[in-house]
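Working notes, structure below.
The values are calculated or read from the model by the stated rules, or taken from the named source; none is laboratory data. As the structure is a prediction and not an experimental result, all values here were calculated from the model. Glycine gets a Cβ as well: all are built from the backbone with ideal geometry, and neighbour counts include every protein chain shown.
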Amino acid sequence: MVLKHHLSGAEATLPELRGHVVLLNFRATWCRPCLREIPVLTQVAADHGSEVLFVAVYHEEEATHREAVTEWLTHQPEYVAKQVTWGSPALLDAFPHRFLPMTYVIARNGEITATFEGAIVGEREKELRAAVARALDTPSTAPQ
């Protein structure tokens, strides 16, 4: 499953991110709760240095939304634009999201250890921090 950064075009795969805890966050330009939670997600990731990665995925494919998302990003703070990647069909199938925002906490071994439907703000930040702590405690080996 390829993650393609919106601005740079750099690509990575989820297996390449193993060894890190990943906050895989699905969002859209029209989603106000998505914008409200971005500072929380970026801060939680930053608090753990390179051990925790925040990866925000635009919930639709690049082919149909590139122009609109590019325009939207020009009006957002830098920390928003820095995180956006595109969803591929395989990624969107592997991580279903009936609601936005939707965040998956993926442990070092690639296992999903928590999911959050809706914005992670207020008291939910404590839940996210606890989920990240649990994910950090998992071994770095791939699940069998």
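Give the residue, chosen from ARG98, ARG32, that is modelled with pLDDT of 90 or more and exposed (fewer than 13 other Cβ atoms within 10 Å of the Cβ). Quick ask: steps written out before the conclusion?
Details: ARG98 fails: modelled with pLDDT of 90 or more.
Result of the check over ARG98, ARG32: ARG32.
Can you name the residue in the range 101-117 that is charged (D, E, K, R) and part of a loop (DSSP other than H, G, I, E, B) and is also surrounded by the fewest Cβ atoms within 10 Å (Cβ to Cβ) among such residues? Residue satisfying both the conditions and the ranking: GLU111. Can ALA114 be described as modelled with pLDDT of 90 or more and within 12 Å of LEU24 (Cα to Cα)? Yes; evaluated as a whole, the condition is true for this residue. Quick one: would you say GLY49 is at pLDDT 75 or above and on the phi > 0 side of the Ramachandran plot? It is true that GLY49 is at pLDDT 75 or above and on the phi > 0 side of the Ramachandran plot. Within the range 59-95, restricting attention to residues that are in a loop (DSSP other than H, G, I, E, B) and exposed (fewer than 13 other Cβ atoms within 10 Å of the Cβ), the residue that is modelled with the highest pLDDT is THR74.
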